[in-house]
Amino acid sequence: SMMLKEHLKAYGFEVIMTHDGTSIPKTSVDDGNNKFNPMERAAFANELGSSIDYYISLHCNSHDNSEAEGTRVYYYEGAGKATTTDLDIASTICEQIEEDFPDAPIPTCENPYYVVKYTTVPASLIEMGFVTNPNDAAELVDEKWQDKFAESLAAALDKYYKANPKNT
């Protein structure tokens, strides 16, 4: 996420982090356990409201089947969403990842998780790879791969917002 922040800033985006690794922001639904649960994450984005254009949540996936692999981009369009751009942005991200990582499994766009369903702004939850898959796990800990992945995400967002300036 820190690499993504730097790449986004290089494209001219202003970035607000949900936490810096040591502290988390307090929200109207803070449960006091010093963990940033999905309800708190969605509340954070919603409390920022129109001051943000897009919410992205980065994760590492796992599965009982060690053959499960690849990137998943989750989005939601439906009741409660202020816009209908979530699928368009998620698709742009998937296309960029596929272009930048042609030998990797084709990323999939799916829906929903709480944090993308209950944010009013456009949002994606990105599972970068599976820690339970040996190939994905090796990439996830490789700093060069991390940087390339972060650049791919930033490039996708730049591409989307340049093509859709009315959505910024």
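The residues on offer are I106, I126, I97, and the sole one that is touching a residue at least 24 places away in the same chain (Cβ under 8 Å) and within 17 Å of I52 (Cβ to Cβ) is I126.
Among the residues of region 55-81, those identified as in contact with a strand residue (DSSP E or B) (Cβ under 8 Å, 6 or more places away or on another chain), open to solvent by less than 40 Å² (accessible area, probe 1.4 Å) and on the phi < 0 side of the Ramachandran plot are Y55, S57, N61, A68, T71, V73, Y74, Y75, Y76. For region 30-51, taking the residues that are of a type in the set (A, V, I, L, M) and surrounded by fewer than 19 Cβ atoms within 10 Å (Cβ to Cβ), the one that is modelled with the highest pLDDT is identified as L48. Of all the residues in region 88-116, those that are in contact with a Cys (Cβ under 9 Å, 6 or more places away or on another chain) and open to solvent by less than 60 Å² (accessible area, probe 1.4 Å) number 7.
Those residues that are modelled with pLDDT of 85 or more and open to solvent by 90 Å² or more (accessible area, probe 1.4 Å), I need them from region 11-29; list them, please. Listed by number, the list holds a single entry, E14.
If the requirement is being open to solvent by 70 Å² or more (accessible area, probe 1.4 Å) and outside any helix (DSSP H, G or I), which of these qualifies: T84, T119? When all the criteria are applied, what remains is T84.
Restricting attention to region 151-168 and to residues that are in contact with a Phe, Trp or Tyr (Cβ under 9 Å, 6 or more places away or on another chain) and in a helix (DSSP H, G or I), the residue that is surrounded by the fewest Cβ atoms within 10 Å (Cβ to Cβ) turns out to be N167. The numbered conditions (1) within 21 Å of S62 (Cβ to Cβ); (2) in contact with a Ser or Thr (Cβ under 6 Å, 6 or more places away or on another chain); (3) modelled with pLDDT of 85 or more; (4) not aromatic (F, W, Y) are all true for V141 except (2). Does region 134-147 contain any residue that is basic (K, R) and closer than 25 Å to I52 by Cα? Scanning region 134-147, I find no residue that is basic (K, R) and closer than 25 Å to I52 by Cα, so the answer is no. If you go through region 123-134 one residue at a time, do you hit one that is in contact with a helix residue (DSSP H, G or I) (Cβ under 6 Å, 6 or more places away or on another chain), of a type in the set (S, T, N, Q) and either part of a loop (DSSP other than H, G, I, E, B) or open to solvent by 50 Å² or more (accessible area, probe 1.4 Å) (or both)? Among the residues of region 123-134, not one is in contact with a helix residue (DSSP H, G or I) (Cβ under 6 Å, 6 or more places away or on another chain), of a type in the set (S, T, N, Q) and either part of a loop (DSSP other than H, G, I, E, B) or open to solvent by 50 Å² or more (accessible area, probe 1.4 Å) (or both), which makes the answer no.
Going residue by residue through region 139-150, is there one that turns out to be small (G, A, S), assigned to a helix (DSSP H, G or I) and over 15 Å from the mean Cα position of the chain (by Cα)? Within region 139-150 (the criterion being small (G, A, S), assigned to a helix (DSSP H, G or I) and over 15 Å from the mean Cα position of the chain (by Cα)), the answer is no, since none of the residues qualifies.
The values are calculated or read from the model by the stated rules, or taken from the named source; none is laboratory data. Given the structure is predicted, the values throughout are model-derived calculations rather than measurements. Please note: Cβ atoms are built from the backbone with ideal geometry, for glycine as well, and neighbour counts cover all protein chains shown. Just the protein is used for accessible areas: all its heavy atoms, side chains included, with ligands, DNA and RNA removed. Shrake-Rupley method; radii C 1.70, N 1.55, O 1.52, S 1.80 Å.
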